[in-house]
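Here is the structure we will look at, set down as C-alpha cells.
The values are calculated or read from the model by the stated rules, or taken from the named source; none is laboratory data. In this text, all values refer to a predicted model and were calculated from it rather than measured experimentally. Glycine gets a Cβ as well: all are built from the backbone with ideal geometry, and neighbour counts include every protein chain shown. Ligands, DNA and RNA are excluded from the accessible area calculation, which covers all protein heavy atoms including side chains. Shrake-Rupley method; radii C 1.70, N 1.55, O 1.52, S 1.80 Å.
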Amino acid sequence: TSKDSGKNKFSVFDQEMNRHQLRRMSLEKDLRKALARSEFMVVYQPKWDSFMNVTVGLEALLRWRHPEHGIISPAEFIPIAEETGLIVPITYWMLHDVCGQNMLWHRAEVANVPVSINMSARMFEGGGLYDVVEEALTRSGLEPHFLELEITESIAMNNMEETVAQLSKLRNLGVRVSLDDFGTGFSSLGNLDEIPVNTLKIDQVFIRKSKMHSKKAIISNIIAIASNLNMEVVAEGVETTEQIELLQSLGCRVMQGFYYGRPMPVHELGQWFIENTA
Ligand code: C2E
Ligand code: MG
Ligand code: MG
Ligand code: MG
C-alpha cells in the first residue's frame with residue numbers, strides 16, 4: 001500500500017542520513033590526525049595574464065590524501081576543519097609550507113610570482129594570524145608581496161572592524177589581499193572601499209554563464225568597480241576560448257581556470273614554469 005511505501009522511503013532516507021553522519025564522524029576523527037601524519041598536500045593553480053601570456057600568480061589549494069579514501073575534496077573536509085577549529089593549525093602549516101616552497105622557486109629562479117592562500121573566517125578570530133604570517137615570511141625569507149591572502153566577502157563583512165584592522169596590519173607589512181568568489185555575497189558594495197583589498201576575483205558562476213546578457217553585465221560592472229577603486233581583477237573558472245574572448249573584450253586580462261592550468265602538485269610545476277614564463 002501507499003502507506004507502506006511511505007514508511008519504506010522514510011527508512012531509506014534514514015539510512016542515507018545515518019551513512020552521511022557516519023562518514024562525517026569518521027572523517028572528523030581522521031582529520032584530527034591528518035596534520036601529524038603529513039596527509040595534506042598543497043597543489044597550485046596558475047593565474048594567467050592572457051594578454052602577455054605569462055603566469056602572474058599561483059593559488060595554493062589544499063588536498064587531503066586519506067590513507068583509505070584517497071584524495072578528499074576540500075568541499076568535503078574544509079567545512080569539517082572549520083567547524084572543529086582544525087582549519088587554524090592546518091592553515092598555519094600551509095602558510096609555512098607555501099612561503100618555503102615559493103622561496104625555493106625564487107632561489108632556483110624558476111618562478112617569481114605571488115602565491116595566494118585561502119583564509120577561513122576562523123583565521124581572524126583570536127588575532128594570531130599576523131604573527132604567524134610574519135613568522136612564515138621571516139623563516140622562509142620570502143618578501144611579503146609574494147604572499148597573498150584570499151578572503152571572501154562574508155569574512156570581510158562579518159566582524160568588519162576587527163577583520164579590517166587585521167587586514168590593514170598585514171597590508172602594511174606588504175602582504176596582498178584578494179576578495180574571493182566576488183559577486184556571490186550580498187550587501188558588500190557599500191563598504192567595499194573600506195576593505196583593504198588589492199584584487200577582486202570574479203566568481204566562477206558568472207564566467208560559467210557569461211553567455212547570458214545579465215551575467216555579462218555583472219562581470220562588466222565588477223571590472224569597472226575594480227578599476228575605479230584601483231583594484232586588480234582576476235576571472236575564476238575560465239574554461240573556454242569564448243569566455244576568454246569575452247573577458248578580454250571587457251578589459252579583464254588575468255584569468256584562472258582549467259583552460260590555462262589545473263591545480264598541480266609541486267613536482268609538475270617546474271616543467272610547467274619552463275614552458276609558461278616570460
Ligand atoms: P576557491 O578558493 O574559490 O578555489 C577555486 C576552486 O575552483 C578550486 O577548487 C579550483 O580547483 C576550482 N577551479 C579552478 N578553475 C576551475 C575551472 O576552470 N572550472 C571549475 N569547474 N573549477 C575550477 P578546489 O581546489 O576543489 O577548492 C574548492 C574550495 O575549497 C576553494 O574555492 C576554497 O574555498 C576551499 N579551499 C581549498 N583549499 C583551501 C585551503 O587551503 N584553505 C581554505 N580555507 N579553503 C580552501
Ligand atoms: Mg580562492
Ligand atoms: Mg574562488
Ligand atoms: Mg569558492
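Just one of the listed residues (LYS169, LYS211, LYS215) is farther than 30 Å from GLY128 by Cα, assigned to a helix (DSSP H, G or I), open to solvent by 30 Å² or more (accessible area, probe 1.4 Å) and charged (D, E, K, R), and it is LYS215.
The residues of segment 61-85 that are open to solvent by 30 Å² or more (accessible area, probe 1.4 Å), away from ligand 3 (no atom under 16 Å from the Cβ) and of a type in the set (A, V, I, L, M) amount to a single one, ILE71.
A quick yes/no check of all residues on (1) assigned to a strand (DSSP E or B); (2) open to solvent by less than 50 Å² (accessible area, probe 1.4 Å); (3) among the polar types (S, T, N, Q):
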site	(1), (2), (3)
LEU31	no, yes, no
SER38	no, no, yes
THR55	yes, yes, yes
LEU58	yes, yes, no
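Filtering segment 232-278 to residues that are assigned to a loop (DSSP other than H, G, I, E, B) and hydrophobic (A, V, I, L, M, F, W, C) leaves VAL238, LEU250, CYS252, PHE258, ALA278.
For segment 208-223, the count of residues that are within 18 Å of VAL56 (Cα to Cα), under 21 Å from the mean Cα position of the chain (by Cα) and of a type in the set (D, E, K, R) is zero. Considering THR152, THR163, the condition of being farther than 21 Å from ASP49 by Cβ and within 16 Å of ligand 4 (Cβ to nearest atom) is satisfied by THR152 alone. Restricting attention to segment 28-86, the residues that are among the polar types (S, T, N, Q) and within 24 Å of PHE273 (Cβ to Cβ) total 4.
Count of segment 44-53 residues, restricted to those that are part of a strand (DSSP E or B) and surrounded by fewer than 19 Cβ atoms within 10 Å (Cβ to Cβ), is 1. One residue alone among GLU148, GLU125, GLU153, GLU161 is away from ligand 1 (no atom under 16 Å from the Cβ) and not basic (Lys, Arg), and that residue is GLU161. Here segment 154-166 is the region considered, the condition is being within 17 Å of the chain's Cα centre (by Cα) and open to solvent by less than 50 Å² (accessible area, probe 1.4 Å), and the residue that is nearest to ligand 3 (Cβ to nearest atom) is ILE155.
For segment 35-71, residues that are near ligand 1 (Cβ under 10 Å from one of its atoms) and of a type in the set (D, E, K, R) total 2.
Taking each residue of segment 84-96 that is without any contact (Cβ under 8 Å) to a residue 60 or more places away in the chain and looking for partners that are among the charged types (D, E, K, R) and in a helix (DSSP H, G or I) with beta-carbon atoms closer than 7 Å, six or more apart or interchain, yields THR84/GLU28; GLY85/ARG122; LEU86/ARG32; ILE87/ARG122; VAL88/ARG122; HIS96/ARG139. Residue count for segment 180-206 under the criterion of being open to solvent by 40 Å² or more (accessible area, probe 1.4 Å) and either over 17 Å from the mean Cα position of the chain (by Cα) or away from ligand 4 (no atom under 16 Å from the Cβ) (or both): the result is 7.
The set of residues from segment 180-208 being assigned to a helix (DSSP H, G or I) and more than 13 Å from ligand 1 (Cβ to nearest atom) comprises LEU189, GLY190, ASN191, LEU192, ASP193, GLU194. A single member of VAL110, VAL133, VAL177 is more than 30 Å from SER220 (Cβ to Cβ), among the β-branched types (Val, Ile, Thr), modelled with pLDDT of 95 or more and open to solvent by less than 80 Å² (accessible area, probe 1.4 Å), and it is VAL133.
Suppose the filter is farther than 17 Å from MET52 by Cβ, touching a residue at least 24 places away in the same chain (Cβ under 8 Å) and touching a Lys or Arg at 6+ places or on another chain (Cβ under 8 Å); does LEU250 pass it? For LEU250, the condition - farther than 17 Å from MET52 by Cβ, touching a residue at least 24 places away in the same chain (Cβ under 8 Å) and touching a Lys or Arg at 6+ places or on another chain (Cβ under 8 Å) - is met.
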